[in-house]
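Novice: Submitted below is the structure of interest, expressed as structure tokens.
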Amino acid sequence: AVLPAKPENISCIFYYKKNFTCTWSPEKEANDTWYIVKRTYCYGRKSDHCTTGNSTSTNRTSCSFYPPTITIPDIYTIQVEAQNADGIIKSDTTKWILATIVKTEPPEIYSVKPVLGVKRMVQIKWKRPVLAPASTTLKYMLRFRTVNSAHWMEINFKEYFFGHATYNLMGLQAFTEYVVALQCVAEKSMFWSGWSQEKMGTTEEE
Amino acid sequence: SHMAPTNQPQPEDIGAIITELWNSSKKLLEDYQKKETGVPESTDYSLRIQTLLPCFTSDSQPPSNINSSTFLPYFKAIKPLLNNSEVQEIIEQLDKLKLQNASETEVSVPTDTFECKRFILTILRQFSECLERVKSLNSGA
């Protein structure tokens, strides 16, 4: 009998309002092995599972849970069972606090403009991602460069109140065109969003 | 070893659940009002619901919490009538706040279509207003 390898290195990420996805190793396992991912949620009050790993499925060491049973805040436990004809091997049980693994959509910048009479500054306005938790403060990373430079400069700041989406970028060169991009992260999470689309704006003449 | 987490969300989580519920309930009420323009609320449902559904639990310490176990049956009753995943997400959030041994009452929905819409609108409004009050209490406003 050749039992499957014990599933390890379980890694999970919560794409807010989209899915909660876990992956594990070993990626390469015999074709006749399949997996059951057992989840407890609602602070341990509820449980369900998802299955993966029949020989035809492409990504065989990944499984996802979907709305409406993925809501923040919550604490999950995840255990992966590997099964083949000879038996079952269980992973350790892992614990996941959703607020620490949530990933949101990128913000959307809709304006980069100078403020009348204020030199060497542009005001950046964007939309808070719709798919970002209402209960979480967002941290932002802004990067900017002049159009003819390849060197990005970066600034971090935080959302002061829900929906706060304006930033005054100062200390720039006069009458110069800049490229700006923005990404965000839920305050306790380790996963930053992707970068927003780049947006351009020009500072006032001196 | 199966280390299921404690079954009760921490105070900080309760505040976050209330904010998520507030966000979902606002959206659900707006969507329903757009869909059912001209349907008036019903005062007698309002009164009956208000007496049956005390908005707060009676815990003294903050954060203030919504009376989850009395709203839950209403949302479970109207869920089949609303083709909206927001309702199930609200039920999932309310389940987190439910006291472990809370009993759950049965709710019957009016059979008349127009009455049924008034009933739904009243629940969504009451729920949204309740969350507004709880949220402002919790943010000390």
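Novice: Non-local amide H neighbours of residue A:46 (under 5 Å, H modeled in plane, Pro and chain starts lacking H): which ones?
Specialist: Excluding prolines and chain starts, which carry no amide H, the hits are A:41.
Novice: Report the label-to-label distance for residue A:205 and residue A:145 in nanometres (one decimal), using points 7 Å from each Cα along the Cα→Cβ vector.
Specialist: In this crude spin-label approximation the distance works out to 2.9 nm.
Novice: In units of 2.2 N^0.38 Å, what is the alpha-carbon radius of gyration of the stretch A:122-206?
Specialist: 1.15
Novice: Here is a further query. Using θ = phi - 60° and the Karplus form 6.51 cos²θ - 1.76 cosθ + 1.60, what ³J(HN,Hα) does each residue of the stretch A:37-51 get, whole Hz, x for Gly and Pro?
Specialist: Couplings: 9, 9, 10, 10, 8, 6, 6, x, 7, 10, 8, 7, 8, 9, 10 Hz.
Novice: Taking every Cα atom in the stretch B:61-111, find the radius of gyration and the maximum pairwise distance Dmax, and write them in Å.
Specialist: 11.9, 41
Novice: On to the next question. Considering only DSSP states other than H, G, I, E and B, which trypsin sites (Lys or Arg not before Pro) in the stretch A:117-206 qualify as loop sites with at most 15 other Cβ atoms within 10 Å?
Specialist: A:119, A:188
Novice: In the protein assembly as shown, which Cys residues have no partner Cys with a Cβ closer than 4.7 Å?
Specialist: A:42, A:184, B:116, each lacking another Cys Cβ under 4.7 Å.
Novice: Taking beta carbons within 10 Å but only from partner chains, what does the mean come to for residues A:64-76? Spell out each step's value before the answer.
Specialist: Working: counts 0, 0, 1, 5, 10, 5, 2, 12, 5, 12, 8, 8, 2.
The shielding value for this peptide is 5.
Novice: Moving to a separate point now. So, by mean Cβ neighbours within 10 angstrom, what's the order for A:46-52, A:15-21 with the highest one leading?
Specialist: A:15-21, A:46-52
Novice: Quick one: work out Rg over Rh on the C-alpha atoms of chain A, Rh as Kirkwood radius.
Specialist: Dividing the radius of gyration by the Kirkwood radius yields 1.15.
Novice: Cα-based Rg (one decimal) and Dmax (whole number) for the stretch A:165-206, in Å?
Specialist: Expressed in Å, the Cα Rg and Dmax of the stretch A:165-206 come to 13.7, 42.
Novice: Taking Cα pairs under 8 Å and at least six residues apart, what relative contact order does the stretch A:17-121 come out at, in percent?
Specialist: That works out to 26 percent.
Novice: Using Cα-Cα distances under 8 Å and only pairs 6 or more residues apart, what relative contact order does chain A have, in percent?
Specialist: Averaging sequence separation for qualifying contacts and normalising by length gives 20 percent for chain A.
Novice: Gap in Å between the Cα centre of the stretch B:96-141 and the Cα centre of the stretch A:115-177?
Specialist: First find each Cα centre; the distance between them is then 40 Å.
Novice: While we're looking at this one, here's another question. Would you pull out the residues with amide H under 5 Å of residue A:19's amide H, same chain only if 5 or more places away, H placed 1.01 Å from N?
Specialist: none
Novice: Tell me the volume per residue, in Å³, of the convex hull enclosing the alpha carbons of the stretch A:55-123. Display every interim value, and only then the final one.
Specialist: Values: hull volume 14.0 nm³, N = 69.
Hull volume normalised by residue count: 203 Å³.
Novice: State log₁₀ I(q)/I(0) for the protein assembly as shown at q = 0.08, 0.11, 0.13 Å⁻¹ as given by the Debye formula over alpha-carbon point scatterers of equal weight, solvent excluded.
Specialist: Results for the protein assembly as shown at q = 0.08, 0.11, 0.13 Å⁻¹ read -0.53, -0.89, -1.07.
Novice: Next question. Against the globular-protein guess of 2.2 N^0.38 Å, express the Cα radius of gyration of the stretch A:1-96 as a ratio, rounded to two decimals.
Specialist: 1.07
Novice: I'd like the mean, over residues of A:133-141, of how many other protein chain beta carbons sit within 10 Å of each residue's own Cβ.
Specialist: Taking all residues of A:133-141 together, the mean is 3.
Novice: Can you give the mean number of other chain Cβ atoms that lie within 10 Å of the Cβ atoms in peptide B:20-31?
Specialist: 2
Every read-out reported here was derived from the displayed coordinates using simple, explicitly stated rules and does not represent laboratory data. These numbers were taken from a predicted model, which means no experiment stands behind them. Using ideal geometry, Cβ is built from the backbone for each residue, glycine included, and neighbour counts are taken over all protein chains shown.
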